[in-house]
Structures are given as C-alpha cells and as structure tokens.
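This report concerns only the one structure given below.
Just so it is clear, none of the values below were taken in a lab; they were calculated from the coordinates. Remember, predicted model here, so these are calculated numbers, not experimental data. Here Cβ is always computed from backbone atoms with ideal geometry, including for glycine, and neighbour counts include all displayed protein chains.
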Amino acid sequence: MTEADVRRALRDCFHPALKLSVEALGMVDQITITVDKDAPGAGIPGVPQKHIVALRLLQPSEDETANSMLAELVRNRLYGFPETGTVEVEMAEGWTADRLTDEAREQLAAQLRPQQLVQIRTS
C-alpha cells in the first residue's frame, strides 16, 4: 500500500455538499502509512501485512455534518483495501480555495446559478 494508492482511492470520496472529490478539493494535507505490528495475524507467514493509514484532511466548509459524513466515506473507502488494518482521519482547519484543482474550479463555476452571481461596481 502506497500514498499513490490512497490518493487514487480518495478520488472516489466526494464531499456531500460540494459534490467534488477530496483530491479535487485539495483537502489532503498529510498521509502516513505504517505497518500495523499489532494487527491480527501479524508475523504469520502467508497472512497479508496490515497497515495503519492516518490522514489529515483540511475542512473546506464549516458544515460539521458534511465533514463527518466525508470522514466516514474516506474510512469506508480505505477499509476496502485488504492491506488496511486501521484508518485514522483527522479533520483540521486551514483549507483555502487555492488548494482547488483547475478542474474543480471549473466544476464549481458551472454549478453556480445566475442568481448567485454578484455584480461588483468598480467606479
């Protein structure tokens, strides 16, 4: 199990309110993968090695319900790997729109309705 595997899996985890993936939103701040030496079957020949996957995700909104749902989606997705023993998800503050991918910016702009747009006067 590698960080690239985890990042690929996170492309399937969508924020319930924003309808964009964790990767597109740029929410992933840190991924740590370590061998779980205390997992059942550890050290037994032929038993696949289990890992602890720890993630720190930056919250793109203050919607606690959406953030909690997303954390559970991430956990469930990563438990789909046979090598996963434990998933730890930390939700932290500090997300900014600068973390969005270009594709995510386009998708968010396409979701805006005309009544949501605001005209700014410059003079």
Given (1) surrounded by 11 or more Cβ atoms within 10 Å (Cβ to Cβ); (2) among the acidic types (Asp, Glu); (3) over 19 Å from Ala9 (Cβ atoms), number of the condition Glu72 does not satisfy: (3)
Failed condition for Val28, given (1) farther than 16 Å from Arg7 by Cα; (2) crowded, with 18+ Cβ neighbours inside 10 Å: (1)
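Go through segment 6-46 and count every residue that is charged (D, E, K, R), part of a helix (DSSP H, G or I) and within 16 Å of Glu88 (Cα to Cα). Walk me through how you get there before you give the answer.
So the first thing to find is which residues in segment 6-46 are charged (D, E, K, R), and the list is 7-8, 11-12, 19, 23, 29, 36-38.
From what's left, part of a helix (DSSP H, G or I): 7-8, 23.
With the extra rule that they be within 16 Å of Glu88 (Cα to Cα), the set shrinks to 7.
Of the residues in segment 6-46, 1 are charged (D, E, K, R), part of a helix (DSSP H, G or I) and within 16 Å of Glu88 (Cα to Cα).
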Enumeration of residues in segment 49-97 that are in contact (Cβ under 8 Å) with a residue 40 or more places away in the chain and assigned to a strand (DSSP E or B): His51, Val53, Leu55, Leu58, Thr84, Gly85, Thr86, Ala92
